[in-house]
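Working notes, beginning with the structure itself.
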Amino acid sequence: MLRLRPYKACDAEEITKWLKDEYALRQWSADRYGKYPITPDDINNYYDGDRNSGRIWGMTAFDDTEVVGHLTMRFPTDDSLDEVRLGFVIVDDSKRGKGYGKEMLSLAIRYAFDFIKVSKISLGVFENNIPAINCYTACGFKVVTREKTESYRCMGEVWDCIEMEIVR
């Protein structure tokens with residue numbers, strides 16, 4: 001059974017262990033970090049920039065023995081508290097394929113709808129990240145069309161994002 005709690009700086013130590021190669025880092029964070037490998041300090045310094053905004057916060061999933069996943073939640077626009085956008089979604093790579101991602105996302109969805117009282121939860125996922133797309137779909141997210149596809153230059157390629165959302 002998983003639980004969610006607010007992110008702590010000590011969680012970064014575990015998260016960096018799950019990023020075994022640059023490909024995994026880029027699928028998790030696009031171009032947000034300039035180098036591979038990243039350190040716990042890199043993650044905490046990145047989060048420190050947003051710590052006092054009140055519009056973004058990290059959540060950590062844990063079971064009875066250890067930290068197993070992480071994600072961020074944020075309000076994507078300055079003028080509305082009606083939507084939460086998920087980002088930096090990751091699960092311990094040794095636990096993938098065992099339902100942890102789906103359980104963590106289900107907790108995040110429940111938190112956003114029941115406690116924050118939003119009407120929509122959105123996220124972006126790279127089209128080359130099929131396991132993540134399948135997990136999001138299994139949690140009820142639907143692909144939505146945007147006027148312009150969001151793309152990032154990663155590892156010498158252009159990676160397109162798929163926009164997904166779940167509406168209450």
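The values are calculated or read from the model by the stated rules, or taken from the named source; none is laboratory data. Please read these numbers as outputs of a predicted model, since none were measured by experiment. Positions of Cβ are backbone-derived with ideal geometry, glycine not excepted, and every protein chain shown enters the neighbour counts.
The set of residues from the range 52-71 being surrounded by 12 or more Cβ atoms within 10 Å (Cβ to Cβ) and either touching a residue at least 60 places away in the same chain (Cβ under 8 Å) or in a helix (DSSP H, G or I) (or both) comprises Phe62, Asp63, Val68, Gly69, His70.
For beta carbons closer than 7 Å, sequence separation of 6+ or different chains, a first residue in the range 40-51 that is of a type outside the set (A, V, I, L, M) and a second that is surrounded by fewer than 16 Cβ atoms within 10 Å (Cβ to Cβ) and in a helix (DSSP H, G or I), the qualifying pairs are Pro40/Glu13.
Taken over the range 72-94, the criterion of being of a type in the set (Gly, Ala, Ser), more than 17 Å from Leu2 (Cβ to Cβ) and not in a strand (DSSP E or B) is satisfied by Ser80 alone. Specify the residue that is nearest to Asp93 (Cα to Cα); the eligible residues are those in the range 21-37 that are within 17 Å of the chain's Cα centre (by Cα) and assigned to a loop (DSSP other than H, G, I, E, B). It comes out as Ala30.
When Leu105 is tested against the conditions (1) in a strand (DSSP E or B); (2) touching a helix residue (DSSP H, G or I) at 6+ places or on another chain (Cβ under 8 Å), the lone failure is (1).
Every residue, every condition in (1) surrounded by fewer than 16 Cβ atoms within 10 Å (Cβ to Cβ); (2) under 17 Å from Met59 (Cβ atoms); (3) aliphatic (A, V, I, L, M); (4) touching a Ser or Thr at 6+ places or on another chain (Cβ under 8 Å), yes or no:
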position	(1), (2), (3), (4)
Tyr100	no, yes, no, no
Glu103	no, yes, no, no
Ala108	no, yes, yes, no
Ala112	no, yes, yes, no
Ile121	no, yes, yes, no
Phe126	no, no, no, no
Asn129	no, no, no, no
Cys139	no, yes, no, yes
Glu150	yes, no, no, no
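In this entry, Glu14 is excluded by the filter for residues that are assigned to a helix (DSSP H, G or I), farther than 27 Å from Cys154 by Cα and either charged (D, E, K, R) or touching a residue at least 40 places away in the same chain (Cβ under 8 Å) (or both). Would you check if Leu2 is of a type in the set (A, V, I, L, M), free of Cβ contacts under 8 Å to residues at least 24 places away in the same chain and surrounded by 13 or more Cβ atoms within 10 Å (Cβ to Cβ)? Answer is no for this residue. Regarding Val84, is this residue at pLDDT 95 or above, touching a Ser or Thr at 6+ places or on another chain (Cβ under 8 Å) and more than 23 Å from Arg168 (Cα to Cα)? No, not satisfied.
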